[in-house]
Amino acid sequence: MIVSLSSSAVRGIEGYIVRVEVDASNGLPCCSIVGLPDPAVREATERVRSAIKNSGYDFPPRRITVNLAPANTRKEGSGFDLPIALGILAASGQVALGETVRDYLLLGELSLDGRVMAVRGVLPCAVAARDKAEKATRG
């Protein structure tokens, strides 16, 4: 099952929307993050694994692929932890995400116990989300 969530990142002083796509399928258990992730984003796998386990859920023993789109733009920071974790839980059938989740932009670093931590650059990300919402309502 493929789950798609919206997140955001900052390039310079501008925010831009990042689509976080998660696929959990049969195969050798592993988790890969693609879409030009920097080391902090690649490390999300371990933070997310611990956060999911310590929040009372199971990290699925499946082949998990996380795509951060657009794939041609470098993704930096730990703000993708929250959408990756929610995507993994939804793709593995442990939580149900309603249709309204498409209306939200998800940002947040996860601590190993599952708490959501603050991230830098939220204001430009919020402006990018507002611009996306305005564009969607115009046509």
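The values are calculated or read from the model by the stated rules, or taken from the named source; none is laboratory data. Predicted model only: the values in this text are computed from it and were never measured. No Cβ is skipped: glycine too gets one built from the backbone with ideal geometry, and neighbour counts run over all protein chains shown.
Restricting to the range 46-85, name every residue that is among the β-branched types (V, I, T) and modelled with pLDDT of 95 or more.
Applying the first criterion (among the β-branched types (V, I, T)) to the range 46-85 yields 48, 52, 64-66, 73, 84.
Scanning the range 46-85 gives V48, I52, I64, T65, V66, I84.
Among the residues of the range 90-106, which ones are touching an Asp or Glu at 6+ places or on another chain (Cβ under 9 Å) and among the hydrophobic types (A, V, I, L, M, F, W, C)? Let's see the steps before the verdict.
From the range 90-106, those touching an Asp or Glu at 6+ places or on another chain (Cβ under 9 Å) are 91-92, 94; that's our starting set.
Hit for the range 90-106 is A91, nothing else.
For the range 93-139, how many residues meet the condition of being of a type in the set (D, E) and part of a loop (DSSP other than H, G, I, E, B)?
Of all residues in the range 93-139, those of a type in the set (D, E) come to 99, 103, 109, 113, 131, 134.
The next check asks that each one be part of a loop (DSSP other than H, G, I, E, B); those that pass are 113.
Final tally of qualifying residues: 1.
On the basis of being under 18 Å from L36 (Cβ atoms), in contact with a helix residue (DSSP H, G or I) (Cβ under 9 Å, 6 or more places away or on another chain) and either modelled with pLDDT under 95 or among the polar types (S, T, N, Q) (or both), does S111 make the cut? Don't jump to the end; show me each part of the working.
Working: under 18 Å from L36 (Cβ atoms): no; in contact with a helix residue (DSSP H, G or I) (Cβ under 9 Å, 6 or more places away or on another chain): yes; either modelled with pLDDT under 95 or among the polar types (S, T, N, Q) (or both): yes.
No: the conditions fail for S111.
Scan the range 19-33 and give yes if some residue there is within 15 Å of K75 (Cβ to Cβ), aliphatic (A, V, I, L, M) and surrounded by fewer than 16 Cβ atoms within 10 Å (Cβ to Cβ), otherwise no. It would help to see each step written out before you state the result.
The first filter runs over the range 19-33 and keeps only residues within 15 Å of K75 (Cβ to Cβ), leaving 19-22, 32-33.
Then drop every residue that is not aliphatic (A, V, I, L, M), which leaves 20, 22, 33.
Then drop every residue that is not surrounded by fewer than 16 Cβ atoms within 10 Å (Cβ to Cβ), which leaves none.
Within the range 19-33 (the criterion being within 15 Å of K75 (Cβ to Cβ), aliphatic (A, V, I, L, M) and surrounded by fewer than 16 Cβ atoms within 10 Å (Cβ to Cβ)), the answer is no, since none of the residues qualifies.
Tell me, which strands (runs of 3 or more DSSP E) lie completely within the range 1-53 with 1 or more residues that are among the β-branched types (V, I, T) and in contact with a Gly (Cβ under 9 Å, 6 or more places away or on another chain)? So that I can check it myself, show each step before the final result.
Details: elements: 2-11, 14-25, 30-34.
Because the criterion is at least 1 residues that are among the β-branched types (V, I, T) and in contact with a Gly (Cβ under 9 Å, 6 or more places away or on another chain), the strands (runs of 3 or more DSSP E) in the range 1-53 that meet it are 2-11, 14-25.
One residue is enough: does the range 80-92 have a residue meeting the conditions in contact with a helix residue (DSSP H, G or I) (Cβ under 9 Å, 6 or more places away or on another chain), under 18 Å from S4 (Cα atoms) and not in a helix (DSSP H, G or I)?
Looking for residues that are in contact with a helix residue (DSSP H, G or I) (Cβ under 9 Å, 6 or more places away or on another chain), under 18 Å from S4 (Cα atoms) and not in a helix (DSSP H, G or I), one finds at least one in the range 80-92, hence yes.
Being polar (S, T, N, Q) and either touching a helix residue (DSSP H, G or I) at 6+ places or on another chain (Cβ under 8 Å) or in contact (Cβ under 8 Å) with a residue 60 or more places away in the chain (or both) is the filter here; which residues of the range 5-31 pass it? I'd like the intermediate steps shown before the answer.
Here is the first cut: in the range 5-31, the residues polar (S, T, N, Q) are 6-8, 25-26.
Passing the criteria: S6, S7, S8.
Out of R63, R49, R42, R19, I need the residue that is of a type in the set (D, E, K, R) and within 25 Å of R130 (Cβ to Cβ). Which one?
Values: R63 fails: within 25 Å of R130 (Cβ to Cβ); R49 fails: within 25 Å of R130 (Cβ to Cβ); R42 fails: within 25 Å of R130 (Cβ to Cβ).
The unique qualifying residue is R19.
What tally of residues in the range 1-24 results from selecting those that are within 19 Å of A90 (Cβ to Cβ), modelled with pLDDT under 95 and of a type in the set (G, A, S)?
Summing the residues that are within 19 Å of A90 (Cβ to Cβ), modelled with pLDDT under 95 and of a type in the set (G, A, S) in the range 1-24 gives 0.
Residue-by-condition table, conditions (1) loosely packed, with under 14 Cβ neighbours inside 10 Å; (2) closer than 20 Å to R120 by Cα; (3) touching a residue at least 40 places away in the same chain (Cβ under 8 Å); (4) not β-branched (V, I, T):
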site	(1), (2), (3), (4)
P70	yes, no, yes, yes
E76	no, yes, yes, yes
G87	no, no, yes, yes
S92	no, no, yes, yes
E99	yes, no, no, yes
L105	no, yes, yes, yes
